[in-house]
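Here the structure comes first, spelled out in structure tokens, and everything after it is commentary.
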Amino acid sequence: MKSDNNVDIFFLGDTYFGEWHMRLRAKKGQHNILEEKGYFHFGKNFEEILGDADETLMNLECSITDIEVSPLKGTEKTHLYSAREEGTIAAFKKLNITTAMLANNHAVDYGKAGLIDTINALENAGIKYIGGGRNEEEAARPIIFEKKLGTKTFRAAISASYNYGVASDNYGFYAKGNVPGVNKKSLKKIAAQIKKYKTLDKDLMYIVSPHWGPNYVWRTFTQQKQGEELISAGVDLIVGHSAHMIQEIEYYKNKLIIYSIGNFLINGNGEYKRRRLPPYSFIARLNVQNINDEFVKKMIIYPILVDNMATDFTPRFVNEKEFFHVRDILRSHEISTDIFDAQVKLGSDKFGHYFEYNI
């Protein structure tokens, strides 16, 4: 983990402690687990692994605001997520969340005022944000990570984007000019950023974390096509989310595409059993080391069990049986099992079982 000769950047999926879900549970006569156990309870199994991270990014699927009535109330958008600042931010700090990704379909659920409240709450807590902003330029701006490893400095630019959708456009979600909003995916903007940053440092690693594709389905053809376009434009690594479930992992032109890492902490009753889908997500750890004055990069992917009905709202690392279930799922979604076996190393450490991909 954290050392002067090691970089660990973690990517966490969709995150919302679930005030909206708890109100829905109350209507059904179910317990408000958030009030009973507190915000940090849900992520307690991951405090140790995230504690030493150099950078931890998670997709924040809500507005942190005390606005009581959303301007979207009464529209077809029925899932309107708001969060309480005190409990949410305290849990993020304890989990060493350093950057919130705002490019998604819930960041503006409480209007542009709700988005600004979110940004202010993050800034006041010293948490960075990408994929959303007070204007279009800020929403598109990546964070620049750098750390000296031995005699060399590793640098990465990390950006977050949200695919275009007519409904989201109609709701005013996207940043335009000086108007606040989230970062609409633009291949042209990404290519320009890559040219800008790699002109300054040809070895810089450019990473995109897109919120793309429909819920509870495997990777779509559109996602695959967009992933290939991003890699062709110069992106070095893609770590996606949005589906609320794991999706395929594959190489394109020797660059890794993780289509969806699924949920991190989403405190609803869940859809996995009803939809007959695997109840897993990923914690993705980009590890970089300086070995013989060369950067050696790998992605270490820990499967976690996120079915709240099975974990009593306490997501955890998978056990050995579950790990091999995830392996079989990933193998079955490869072109051939031989490709998976040749490309992926299986391992375990003090935190849990993992898949290792070279980058």
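See the values below:
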quantity: PHE313 vs. criteria buried (at least 16 other Cβ atoms within 10 Å of the Cβ), farther than 19 Å from ILE261 by Cβ and in contact (Cβ under 8 Å) with a residue 12 or more places away in the chain; calculated: yes
quantity: Matching option when the condition is part of a helix (DSSP H, G or I), in contact with a Pro (Cβ under 9 Å, 6 or more places away or on another chain) and β-branched (Val, Ile, Thr), among ILE329, ILE283, ILE304, ILE339; calculated: ILE329
quantity: Test: residue in the range 255-268 that is assigned to a loop (DSSP other than H, G, I, E, B), at pLDDT 95 or above, touching a helix residue (DSSP H, G or I) at 6+ places or on another chain (Cβ under 6 Å) and of a type outside the set (Phe, Trp, Tyr); calculated: no
quantity: Hits in the range 185-195 (condition: among the hydrophobic types (A, V, I, L, M, F, W, C) and either exposed (fewer than 14 other Cβ atoms within 10 Å of the Cβ) or at pLDDT below 95 (or both)); calculated: ALA192
quantity: Lone unmet requirement of (1) modelled with pLDDT of 95 or more; (2) touching an Asp or Glu at 6+ places or on another chain (Cβ under 8 Å); (3) farther than 20 Å from PHE11 by Cβ for TYR171; calculated: (2)
quantity: For VAL296: the one exception among (1) among the β-branched types (Val, Ile, Thr); (2) assigned to a strand (DSSP E or B); (3) crowded, with 16+ Cβ neighbours inside 10 Å; calculated: (3)
quantity: Filter result for ARG155 (charged (D, E, K, R), in contact with a Leu (Cβ under 9 Å, 6 or more places away or on another chain) and under 30 Å from GLU250 (Cβ atoms)); calculated: yes
quantity: Enumeration of residues in the range 20-56 that are among the acidic types (Asp, Glu) and within 24 Å of VAL69 (Cα to Cα); calculated: GLU35
quantity: Identity of the residue in the range 134-170, of a type in the set (Ser, Thr, Tyr) and not in a strand (DSSP E or B), that ends up farthest from ILE194 (Cα to Cα); calculated: SER168
quantity: Condition check for GLY74: farther than 29 Å from ASN5 by Cα and surrounded by fewer than 21 Cβ atoms within 10 Å (Cβ to Cβ); calculated: yes
quantity: Counted residues, the range 66-96 - those being among the small types (Gly, Ala, Ser) and in a helix (DSSP H, G or I); calculated: 3
quantity: Number of positions in the range 1-32 that are in contact (Cβ under 8 Å) with a residue 60 or more places away in the chain, surrounded by fewer than 20 Cβ atoms within 10 Å (Cβ to Cβ) and among the aliphatic types (A, V, I, L, M); calculated: 2
quantity: Matching residues, the range 68-83, being farther than 20 Å from LEU12 by Cα and in contact (Cβ under 8 Å) with a residue 24 or more places away in the chain; calculated: SER70, PRO71, LEU72, THR75, GLU76, LYS77, HIS79, LEU80
quantity: Residue, farthest from the chain's Cα centre (by Cα), within the range 196-236, restricted to residues that are basic (Lys, Arg) and surrounded by 13 or more Cβ atoms within 10 Å (Cβ to Cβ); calculated: LYS198
quantity: Boolean, VAL182 is out of contact with any Cys (no Cβ under 9 Å at 6 or more places or on another chain), buried (at least 19 other Cβ atoms within 10 Å of the Cβ) and touching a residue at least 60 places away in the same chain (Cβ under 8 Å); calculated: yes
quantity: Selection within the range 329-359 - among the hydroxyl-bearing types (Ser, Thr, Tyr) and either more than 24 Å from LEU50 (Cβ to Cβ) or buried (at least 18 other Cβ atoms within 10 Å of the Cβ) (or both); calculated: SER332, SER336, THR337, TYR354, TYR357
quantity: Any chance VAL326 is surrounded by 13 or more Cβ atoms within 10 Å (Cβ to Cβ) and in contact (Cβ under 8 Å) with a residue 60 or more places away in the chain; calculated: yes
quantity: Failed criterion for GLU146 (all others in (1) touching a residue at least 40 places away in the same chain (Cβ under 8 Å); (2) in contact with a Lys or Arg (Cβ under 9 Å, 6 or more places away or on another chain); (3) charged (D, E, K, R) hold); calculated: (1)
quantity: MET309 at pLDDT below 95 and in contact with a Pro (Cβ under 9 Å, 6 or more places away or on another chain); calculated: yes
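The values are calculated or read from the model by the stated rules, or taken from the named source; none is laboratory data. Just so it is clear, the model here is predicted, and its values are computed rather than measured. Using ideal geometry, Cβ is built from the backbone for each residue, glycine included, and neighbour counts are taken over all protein chains shown.
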